[in-house]
Amino acid sequence: MNLKFLVVDDSVTMRRIVINSLANLNYLDYVEASDGKDALAKLESDPDINFVITDWNMPEMSGLELVKAIRSDERFSELPVLMVTTRGLKNDIIEALKAKVNNYILKPFTPQVLREKIEQILSTTITEK
């Protein structure tokens, strides 16, 4: 499966960290967005995007609002979404899961953890289809 990632974070440094981690895992196809609104515009304009990695805390539109927007649009509702965030409270995780993120990683993370979460999501989404 050829994956094209949409990496969404208002921090350029954090986007670099995620992209470098993806590159270490041989995932070289990606698009960047600086917030949820930017991410939705990229999804609209690039039909090849098939995996979203998003932060939660961003201006304009948060990662949680982005997830809800993705899930409410039938074109994107099945898109795998991985949230990478500093928000580790139980209530935050529950709220993200209710919004239907596929998985959740707390910052800081290792490339190994990123790979495990991506593989978990892919194995589940492929099995469900």
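What follows is calculated from the coordinates using simple rules that are stated; it is not laboratory data. Note that the coordinates shown come from a computational prediction; the quantities given were computed from them, not determined experimentally. When we count neighbours, we look across all protein chains shown, and the Cβ atoms used for this are built from the backbone with ideal geometry, even at glycine.
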Under the rule of at least 5 residues apart or a separate chain, name every residue whose amide H is placed under 5 Å from the amide H of V31.
F5, L6, V7
Reviewing [x] 165; [y] 99; [z] 131, the figure for volume of the Cα convex hull per residue in Å³ actually calculated from this model sits under [y]
Computed [θ] at 222 nm, helices only, for the chain once each DSSP H run of length n ≥ 4 contributes -39500 (n - 2.57):
-14500 deg cm²/dmol
Between their Cα atoms, which of K4/K90; K42/K107; K42/K98; K68/K90 are more than 21 Å away from each other?
K4/K90; K42/K107; K42/K98
Just to confirm my numbers, what's the Cα centroid distance between the stretch 83-126 and the stretch 1-47 in Å?
15 Å
On a full-extension model of 0.36 nm per residue, what is the gain between N91 and L106, subtracting their alpha-carbon distance, rounded to one decimal in nm?
4.0 nm
Could you compute the FRET efficiency for R75 and K37, with r as their C-beta to C-beta distance and R0 at 22 Å, rounded to 0.05?
0.85
Determine ³J(HN,Hα), in whole Hz, for all residues of the stretch 79-85 in sequence, where each value follows from phi through the Karplus function 6.51 cos²θ - 1.76 cosθ + 1.60 and θ = phi - 60°; x replaces Gly and Pro.
4, x, 10, 10, 9, 10, 8
Just subtract the alpha-carbon distance of N24 and R115 from 0.36 nm times their residue separation and send over the number in nm, one decimal.
31.8 nm
Based on a Kirkwood Rh over C-alpha pairs, give the Stokes-Einstein translational diffusion coefficient of the stretch 52-124 at 4 °C and viscosity 1.567 mPa s in µm²/s.
104 µm²/s
